[in-house]
1. Which of the residues that make up the stretch 14-34 are among the charged types (D, E, K, R) and under 17 Å from Gly88 (Cα atoms)?
2. Given the criterion more than 24 Å from Arg20 (Cβ to Cβ), of a type in the set (A, V, I, L, M, F, W, C) and in contact with a helix residue (DSSP H, G or I) (Cβ under 9 Å, 6 or more places away or on another chain), identify the matching residue among Met101, Met124.
3. Can you tell me which residue within the stretch 63-85, out of those that are in a loop (DSSP other than H, G, I, E, B) and either in contact with a Lys or Arg (Cβ under 9 Å, 6 or more places away or on another chain) or modelled with pLDDT under 95 (or both), is surrounded by the most Cβ atoms within 10 Å (Cβ to Cβ)?
4. In the stretch 6-43, which residue that is hydroxyl-bearing (Ser, Thr, Tyr) and at pLDDT 90 or above is most open to solvent (accessible area, probe 1.4 Å)?
Amino acid sequence: MVALVSRTGRHLQRYNKDRRQVVGCIPYRYRGDEEEKFEVLLISSQRQGKGMLFPKGGWETDESLKQAALRETEEEAGVLGKLENILGIWHFQSKSQDAYMFPLLVTKQLEYWPEKAFRQRTWMSVTEAKEACQHSWMKEALDKLVKRLALAKQEEEEGEGVGTCTLS
């Protein structure tokens, strides 16, 4: 049996000019074989009444940015996957934080994970996620992900139209 424990405390927390460094992911999947069945995973906040959000947490001094994103997503949402290129960095004056967000194409959903007892996870459409998520910056990150994936799909389709030409 493996111990399922989340990191706690802020003794290893990374700061940049007194600004806490936070990292998170937007876990997503395509349900079935249809790309139209695009879903994102939101988790419940640990704070009562704070709604749903994407997994995020502190970037610690003993890990890379990408390692922190993967760790936070596994701890809070119980999913593993392929981490993709960063979506952006959001700055918060009210909390003195910088938040780095990544897309994560989910390849495995765990039955047990460190924060299972504290959080619910729910797969949602983009529309449902925008309604459920309490943070405008997370909605903005989701919009960036949707645009990025749409552009990649368009480029892929255009590339399929380019082929070899045989002269007779």
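The values are calculated or read from the model by the stated rules, or taken from the named source; none is laboratory data. Small disclaimer: the values here were computed from a predicted structure and weren't measured. Note: ideal-geometry Cβ built from the backbone for every residue, glycine included; neighbour counts use all protein chains shown. These area figures cover heavy atoms from the full protein model, side chains too; ligands, DNA and RNA do not enter into them. Shrake-Rupley method; radii C 1.70, N 1.55, O 1.52, S 1.80 Å.
1. Listed by number, the residues that qualify are Arg19, Arg20.
2. Met124
3. First, the residues of the stretch 63-85 that are in a loop (DSSP other than H, G, I, E, B): 63-64, 78, 84-85.
Cutting the leftovers down to either in contact with a Lys or Arg (Cβ under 9 Å, 6 or more places away or on another chain) or modelled with pLDDT under 95 (or both) gives us 63, 78, 84-85.
On the way: Glu63: 16, Gly78: 23, Glu84: 17, Asn85: 7.
It comes out as Gly78.
4. So the residue we want is Tyr15.
This table checks each residue for (1) within 24 Å of Gly78 (Cβ to Cβ); (2) at pLDDT 90 or above; (3) open to solvent by 60 Å² or more (accessible area, probe 1.4 Å).
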position: Phe102; (1), (2), (3): yes, yes, no
position: Gln109; (1), (2), (3): yes, yes, yes
position: Glu131; (1), (2), (3): yes, yes, yes
position: Met138; (1), (2), (3): yes, yes, no
position: Glu155; (1), (2), (3): no, no, yes
position: Glu158; (1), (2), (3): no, no, yes
position: Cys165; (1), (2), (3): no, no, yes
